[in-house]
Structures are given as structure tokens and as C-alpha cells.
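To start, the structure itself, in C-alpha cells.
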Ligand SMILES: [Fe+2]
């Protein structure tokens, strides 16, 4: 299958088993602070209940691995294929996405039992597969790991919205960053030219990162850090949400229809702006990256600043050539901040490229030249969403460790605000 490429040593039974346990237990770790009631709520159609995420990623292994390879396969429960199929037309009909919060049974505990059943069967299967069958299945199992990691991030983004809707302002985890002022934005020059983008070499990638190919980039500059709340407050004070000329037409329509005045999780109380986070609601900290913006807001800010958003190719080329792959310093979910944090001190190089906030680019989410989705239901994973969405790069403070890389292409509709999104400015440079 073309869905991924991976190093051979990650395909041994021991390596797969240990990775399986690691990924599966991290999901349970993230859900652990949440009560069964927390795990049942769907606060808007884009959000899924925590227990649905936990069940759906399990369904993925049951449907795409066990059903294919287990001797005398029988589903754990007859109707789970219907309840926990997300969007796979080839698998059959499914329960309406917007109504996932109507389901009280199976409860969070029952979902845990389902997970335990599939885990035991997956371990048995992996233990008994012959090398040929293992080689065949390894790609799908690794896709299952990465699929579950995507849902780990969604679980956190979704529970943030669920908890934000509660007037009691319950918290999830993490501690607020110290309040401060942002440093001055610096710029990093990138030469451009004929450059290579897309995933190459070993390690997992999704099919939408393939094939690697060349693109020509004019010389450009990138902001050396993310745009901050402090800078966003300046944009607001200068009438940023009131000046039609700064906005794309669709974005201006949303500003008016939905009365946007500030980022998604901001609210004004007695003249002071507060921000809801997974660790509570606090006065807006000017030093933190601004987050939970639509693409429209990011683009309007760039227009206001006399700059633009980077293309996804500019972002990837700069990340790859100036930084390489993310290291432990990236603010991903394992740092347990569960929120963007202030930029580290300026170094003259790029800061905050990985982690903190997914960065909106000006690139529409389209197939790379020569892209072919995989055969069968699994081919629905990415390719069929290549319409009407924009690419984001870099990962965020809710992205699991090991799930960010230079070639990773995330995507959301331009109006999406509940994901942990932010922006970095770009501009052309003299040749
Ligand atoms: Fe999924």
C-alpha cells in the first residue's frame, strides 16, 4: 500500500507490540482525568465525545486489522461498526456525526472493556502472524498508531470545547505560563530556489505527504516566532475586526454573521479580555502566542501587518533546512502545558516552528503531483478531503510526541476556530 513508508526495524513483532501498548495507553492516560459524564458530552457538531474517540480508534484496529487477519473473526459487538465508523463509505452506513453526543450506551466504562478486548486480540494476532502476513499488515498497524495519535490531539481539542461550555469553568490539566510582554518580532531570510518538499526516507508518513517533489520558491522571509496575544490586541484596538478591507470576502461574511470580535476562546469581562485554556480561564497573557483563530483571522492580521501567510512549501523548506525534525524542546503534548507558551529567547533563527500552535498557511489542501490514494477503504483516509480546506503546519501543544515532522500536512476548513491554530508572518525578500 502507498499509505506510508517505514523503517524495517519498526516492523518486528516486538517493536509493533511495544509501540501498540505505548500508543494505546497514552489515549487512556489522556482520558483519565475525565469522568464518564465528561466523556459523553458533544458540545457542537465538530466535537466528538471522548468515549467516541476512544472507541473509534479501537474500531479502526478491529475493522482494518482484525477483520482482515483474525481467524474466525467476529465483531466484538454487532452494531459497533455502525456507531464508530467515522467517514468510511466503503465500510457502509454510519451513525450521524453531529449526534454522537446522544449516545449514552456504551458508556465510558463499556468502551474501556471494548478497548481491552481488541487489545488482547491484537496482541494474540501479532504473536501468531507469520513473517509474510506481518509484513503485509505492518503498514496498516502503523497507520492505526498514527490515526490514534491524531485522535489523541482531537480528544484534547474537543474536551477543551466541552469544558469551555460549562459555567463552572472546570479544568483539565496544565499550569498557566508566567505573564509577560513579547519580545520584538525578528525575521529569518530564506534563499529559496528549486527545492524538495514532501516526505523522504524512512519513518512513517501519511499518503498526503507523498510523493516528494521539487518546487521553485522565490526568496522569502519568515517571522522568527508566532504572533502573540499582545500583537493581536493591537490588531483589535486598530479596528481589525471592523475593517472589511483587511478581510477575505468569506471571512468578512463570518465576522458579520457570527459577530467575531476576538479569538475563539476569548471573552470580555468588565473591560478585560480573558482566555479559556485547559487549565482555567485567565486574563489574556500578551506574551503567549495567539491561538484558536480561523484562517480568515490569520489572513486579516497578515494584511493589517502589511505581510502575508507563508505557503506550505515555504514553511516546510525552512523547517527542513534550517531546523531539521522536532526535538524535545518543542511544546507538544508531552510537555504537559496543554497550551502554547511564550517564545524562547531570540537566537536569530526560527522559533516555535514545532508545537505551540498549528500554523495556518496560504496553501489550499491539494494533492501533490503524482499522488495516488491507496486501494480500498483505507484510501479514504486523506485523499477525499482535498477540497475546500487549508493546510496547517508544525503541530501544537496538544499534538502527541513523535507526531510532528517537517513534511506533516494538517488541514481544516478556513472558518475552523476550535483547533489550536495560530500564525506566523511571511514576506518576499529581495533577490
Ligand atoms: Fe478517525
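Computed from the coordinates by the stated procedures, all read-outs in this text should not be read as laboratory data. Owing to the predicted nature of the structure, the values given are computational and were not obtained by experimental measurement. Counting neighbours? That spans all protein chains shown, and the Cβs are built from the backbone with ideal geometry, glycine included.
Quick look at the values:
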| item | result |
| --- | --- |
| Residue-averaged 222 nm ellipticity for the chain, from DSSP H runs of 4+ at -39500 (n - 2.57), nearest 500 | -9500 deg cm²/dmol |
| Residue order, fewest to most surrounding Cβ atoms within 10 angstrom, among 272, 162 | 272, 162 |
| Two-decimal log10 I(q)/I(0) for the stretch 110-216, as the Debye equation yields it once each C-alpha is a single scatterer, q = 0.11, 0.20, 0.22 Å⁻¹ | -0.77, -1.15, -1.23 |
| Residues of the stretch 323-355 with amide N under 20 Å of a point placed 7 Å along Cα→Cβ from residue 234 | 341-352 |
| √(5λ) per eigenvalue of the Cα gyration tensor, the stretch 313-431, largest first, Å | 25, 18, 14 |
| P(r) weight above 13 Å for the stretch 70-114, C-alpha pairs, percent | 63 percent |
| Rg/Rg_ref, the stretch 177-303, where Rg_ref = 2.2 N^0.38 Å and atoms are Cα | 1.33 |
| Relative packing of peptides 203-210, 259-266 - highest average C-beta neighbours within 10 Å first | 203-210, 259-266 |
| Rounded to 10°, Cα long-axis angle of helix 108-128 versus longest principal axis of the chain | 60 degrees |
| Sites residue 19 and residue 179 - FRET efficiency at Förster radius 41 Å, r taken between beta-carbons, to 0.05 | 0.55 |
| GNM result for the chain, Cα springs below 10 Å: residue of 183, 299, 158 fluctuating most strongly | 183 |
| Centre separation in Å (Cα based) which lies between the stretch 182-233 and the stretch 280-354 | 11 Å |
| Rounded if a/c under 1.5, otherwise prolate or oblate - the stretch 94-173, Cα gyration tensor axes | prolate |
| Relative contact order, percent, the stretch 117-254 [alpha-carbon distance under 8 Å, six or more residues apart] | 18 percent |
| Tail fraction, Cα-Cα pairs, the chain, threshold 36 Å, whole percent | 26 percent |
| FRET efficiency, 1/(1 + (r/R0)^6) with R0 30 Å, evaluated for residue 367 and residue 76 via beta carbons | 0.25 |
